[in-house]
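The values are calculated or read from the model by the stated rules, or taken from the named source; none is laboratory data. Nothing here was measured: the structure is a model prediction, and the numbers come from that model. Because the Cβ atoms are built from the backbone with ideal geometry, glycine has one as well, and the counts that use them run over all protein chains shown. Ligands, DNA and RNA are excluded from the accessible area calculation, which covers all protein heavy atoms including side chains. Shrake-Rupley method; radii C 1.70, N 1.55, O 1.52, S 1.80 Å.
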Amino acid sequence: MATKEQIETLLEKLNEAPPSEHFQTIDENTVGLRAILKYLSETDEKVTAGKLSEHLEVSTARVAVLLKKLTAKGLVEKEKDPSDGRIVVVKLSEHGRQTADLMRENMYKNIGEMIDKVGMEKMLEFAAISKEIHSVMKKSDINID
């Protein structure tokens, strides 16, 4: 069975060139919602919509739509910053934290299964190949406007 260290090594390698950029199969709304939950669960900083916008590299309007959906589902809470009432801070609710933890557990389980079925060596080779593909795609001069 794949170890936590193997899974984290593979995640680190895949994070350098996310396969999702090449093989987009997940609805973009879900990706944005998951990205916000992941970010909020991994930071101890005060997070604003502007900070989320910068991190996700999307507009503040897009972040506002995603936060509205997450708030409606009870996954995030917004509150005024006690040190500056003009600033609204976004944080995970208890339900949001549990959901983010479950998402992480499922991701580890799925990646562990991939490592078990495909093998760590091939998965690392895939990550390296994906990184090469990503590099080539970023340098592409093709512009379809």
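Laid out as a table, the results:
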quantity	calculated
Heavy-atom surface of the chain, accessible at 1.4 Å and reported per residue (Å²)	70 Å²
Whole-Hz ³J(HN,Hα) from phi, Karplus 6.51 cos²θ - 1.76 cosθ + 1.60, for the stretch 106-117, glycine and proline x	5, 4, 4, 4, 5, 5, x, 5, 4, 4, 4, 7
In the stretch 44-145, lysine pairs closer than 12 Å at Cα, eight or more apart or cross-chain	6
Longest DSSP-loop-exposure-free segment, trypsin sites (Lys or Arg not before Pro), the chain, at most 15 other Cβ within 10 Å	74-145
Hz values of 3J(HN,Hα) by residue in the stretch 98-105 - Karplus curve (6.51, -1.76, 1.60), Gly and Pro given as x	4, 5, 4, 4, 5, 4, 5, 4
Integer Hz, Karplus 6.51/-1.76/1.60 couplings in order for the stretch 53-62, x for Gly and Pro	4, 5, 4, 7, 6, 10, 5, 5, 5, 5
Rg(Cα) / (2.2 N^0.38 Å) computed for the chain, rounded to two decimals	1.21
Cut-off under 5 Å, modelled amide H: who pairs with V89 long-range	E79, K80, D81
Where GluC sites (Glu not before Pro) in DSSP loops with at most 10 other Cβ within 10 Å are excluded, longest remaining stretch of the chain	58-145
Rounded to the nearest 20 debye, dipole of the stretch 35-125 from Cβ charges on Lys, Arg, Asp, Glu	480 debye
Within a Gaussian network of the chain (alpha carbon springs, distance under 10 Å), most fluctuating of D116, D44, D101	D44
